[in-house]
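All of the numbers you see were taken from the coordinates with simple rules; none came from a lab. All values reported here derive from a predicted model rather than from experimental measurement. Cβ placement follows ideal geometry from the backbone for every residue including glycine, while neighbour counts extend to all protein chains displayed.
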Amino acid sequence: MRAILQSALKIHLILIKNSETVTRAYQAMKNRKSRAPEQVSTILERVLSSLNLGIKVKQYRIWEVWDSVVGEAIARQAQPKQIRAMVLWVTVSSSTWMQQLEFMKRQIVERINERIGEKVISDIRFRIGEITREE
């Protein structure tokens, strides 16, 4: 849940930074000929695509699917922390887990991309750190 809220906050901050583009999207929507109601998902998709945020939103879904993609045992020892340039950075609890996950890296990348339905990451990098999990 925390990851979803963080994603929503990041999107909100990006929207604020790109308020001119959002204003143009709003004006375009306001000037539509048809006044029939539109689904929120349709409007959001249009705004996100105008801001080129579609891939970012999909990338942040990794936090939602991580546990089911890697399994509970691995999820207790490794958690995604950030994404930079299509590279997912994952914090692991120990060097032993880091080495094991290096062997599984390609498979994890494929599973994540398959689960999300699009290539959202191209590589994974691991670093040792403290694992914090919400229960």
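Treat each spin label as a single point 7 Å out from the Cα along the C-beta direction, and report the S49 to I131 distance in nm.
Here the answer is 4.0 nm between the modelled labels.
Give me D for the stretch 61-128 in µm² s⁻¹, whole number, from Stokes-Einstein with Rh from the Kirkwood sum over alpha-carbon pairs, 4 °C and 1.567 mPa s. Write out the running numbers ahead of the final one.
Values: Rh = 11.7 Å.
Estimated diffusion coefficient is 110 µm²/s.
In a shell of Cβ-Cβ distance under 13 Å around I124, excluding I124 itself, what net charge do Lys and Arg (+1) and Asp and Glu (-1) give?
Values: positive: K81, R84, K105, R106, R111, R125, R127; negative: E102, E110, D123.
Summing Lys/Arg as +1 and Asp/Glu as -1 gives +4.
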